[in-house]
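Working notes, beginning with the structure itself.
The values are calculated or read from the model by the stated rules, or taken from the named source; none is laboratory data. Just so you know, these numbers come straight off a predicted model, no measurement behind them. We place every Cβ from the backbone using ideal geometry, glycine too, and count neighbours over all the protein chains shown. When the accessible area is computed, the model is the full protein with side chains, heavy atoms only, and any ligands, DNA or RNA have been set aside. Shrake-Rupley method; radii C 1.70, N 1.55, O 1.52, S 1.80 Å.
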Amino acid sequence: MSDQANPFRIAQQQFDTAAELLNLHPDIRAVLRVPQRELTVNFPVRLDDGSVQMFTGYRVQHNLGRGPVKGGIRYHPSVDLDEVRALAMWMTWKCALVNIPYGGAKGGVIVDPRQLSLAELERLTRRFASDVSILLGPEKDIPAPDVNTNAQIMAWIMDTISMHRGYTVPAVITGKPIQVGGSLGRIEATGRGVSLMVREAVHKQGRALEGLRVVVQGFGNVGSTAALLLHEMGCQVIGVADAAGAYYCASGLDIPAMRTYSDRHTFRLLQGYEAPHMVPITGTELLELECDVLIPAALENQLTGANAARVRAGMVVEGANGPTTPAADAILTARGIPVVPDILANAGGVIVSYFEWVQGLQEFFWDEHDINSKLERILVNAFEEVWQLAASRALPLRTAAYLLAVQRVAEANATRGVYP
């Protein structure tokens with residue numbers, strides 16, 4: 001993998017830009033530029049046919065200066081250590097930007113979960129949880145769902161850790177089902193945050209949401225929730241894509257119908273979905289559709305130096321982590337296309353995960369209205385800080401967000417000092 005496509009090199013490059021502008025002390029730069037802890041596990045899982053297959057998984061903790069670390073666990077064939085390192089680093093900045101008391105972490109297993117039965121998926125999850133359990137705990141590392149993981153998988157992890165401890169530990173993980181200590185509003189939180197950031201950015205431009213043409217790459221939990229909420233706000237979602245294909249309708253797609261269809265699909269895909277006036281297109285064509293807002297909500301490295309010049313969106317709002325490379329950032333900035341960065345736009349999930357963790361520690365649960373209103377207040381305040389700094393210093397939104405986030409983490413680490 002080239003440095004241009006390597007997510008960890010990209011994460012370090014983004015950090016270096018902020019560190020230069022902040023004139024960070026070299027000692028602090030050295031600490032923040034690399035993860036604090038990395039664990040690689042190779043573990044066996046017994047399959048339904050009785051055979052044993054080996055899997056590889058990772059848990060990376062980037063920085064613990066501001067508190068216990070937080071970050072999702074993803075199951076995907078392309079997971080590798082550098083990807084997990086990058087995601088952990090981005091989580092550190094994300095938590096600092098919205099000012100919640102966490103550092104960043106991330107985990108992953110190299111697996112295509114669609115190739116496993118439900119029983120095999122449970123055995124894989126419990127074994128992975130056992131092997132990384134030395135790092136996990138409400139006071140040190142609290143995982144959450146990510147790509148190809150969900151509330152059920154989080155429940156298995158919580159139960160596994162609880163069995164090891166001999167008592168129930170609800171705050172060891174977030175994104176759990178409601179009946180075992182999950183939080184209302186958690187499933188929709190990341191997509192809700194993305195929709196709020198679209199709303200705020202569009203309002204800053206003096207435009208209305210009604211009739212706004214939106215394209216969403218990714219129709220999983222984040223993308224489909226953002227698409228539905230924007231549809232309800234009056235936007236026209238003209239294009240969506242998932243792992244099975246991409247779909248376009250100039251007059252706007254029926255997002256509620258597409259959500260219902262994907263919810264019923266075995267793998268939550270749009271494969272086989274048909275509707276009047278809707279045409280299938282390629283994933284490449286989707287990213288280059290003329291629109292007001294493009295929301296990449298799939299995986300990293302989707303907007304690159306190779307395709308950024310052909311993007312015809314008025315604005316990019318990042319639902320995924322790391323979907324835009326530095327080369328693409330430079331091109332979009334030169335073309336006057338603002339990018340609301342991932343560490344701000346998709347922070348809704350970690351904010352409500354923080355709420356779930358607090359509720360789990362206190363065993364006192366809030367109603368959904370309280371959760372959504374708290375989420376909105378935190379995100380909108382963070383957006384305002386980023387927007388004002390970007391405007392006052394003529395910076396791209398990503399650079400402004402990094403300046404705020406890196407400064408907070410650097411101050412925490414400098415205040416704590418170096419042990420021993």
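Observations on the structure shown:
- Of all DSSP-defined beta bridges confined to the chain, some 50% are antiparallel rather than parallel.
- Top positive-direction residue, dipole computed over the chain with Cβ charges, set Val111, Val198, Val418: Val418
- Contact order for the chain, expressed relative to its length and based on alpha carbon pairs under 8 Å spaced 6+ residues apart, stands at 17 percent.
- Relative contact order of the range 1-125: 26 percent, from C-alpha pairs under 8 Å at least 6 residues apart in sequence.
- Candidates Arg66, Arg123, Arg213, ranked by Gaussian network fluctuation over the chain, Cα under 10 Å, top entry: Arg123
- Net charge of Cβ neighbours under 9 Å - reference Gly108; Lys, Arg +1; Asp, Glu -1: 0
- Peptide ranges 99-109, 241-251 listed from the most packed, as the mean C-beta count within 10 angstrom indicates: 99-109, 241-251
- Within the chain, the selection of entire DSSP H helices by a Cα span of 20 Å or greater along the long axis and an average Kyte-Doolittle value of at least -0.5 returns 7-22, 81-97, 118-132, 151-165, 186-204, 348-362, 368-393, 397-416.
- Shape of the range 1-149, Cα gyration tensor, a/c cut at 1.5: prolate
- Dipole in debye (nearest 20) - the chain, about Cα centre, beta carbon charges: Lys, Arg +1; Asp, Glu -1: 680
- Relative intensity, log₁₀ I(q)/I(0), of the range 352-401 from a Debye sum that treats every alpha carbon as a point, q = 0.25 Å⁻¹: -0.84
- Considering only alpha-carbon pairs that sit under 8 angstrom and 6 or more positions apart, the relative contact order computed for the range 262-420 is 15 percent.
- Pairs of lysine residues in the chain - Cα separation under 24 Å, sequence separation of 8 or more or cross-chain: 15
- Sulfur and carbon atoms: percent of accessible area, the chain [1.4 Å]: 52
- Rounded if a/c under 1.5, otherwise prolate or oblate - the range 38-97, Cα gyration tensor axes: prolate
- Accessible area expressed per residue, the range 20-139, with surrounding protein chains retained (probe 1.4 Å, Å²): 38
- The residues Phe365, Phe55, sorted by heavy-atom accessible surface at 1.4 Å with ligands and nucleic acids left out, run Phe365, Phe55 from largest to smallest.
- The largest accessible area among Thr168, Thr92 belongs to the first residue in Thr168, Thr92, and the rest follow in falling order (1.4 Å probe, all chains).
- Shape call, the range 230-387: gyration tensor on alpha carbons, a/c limit 1.5: oblate
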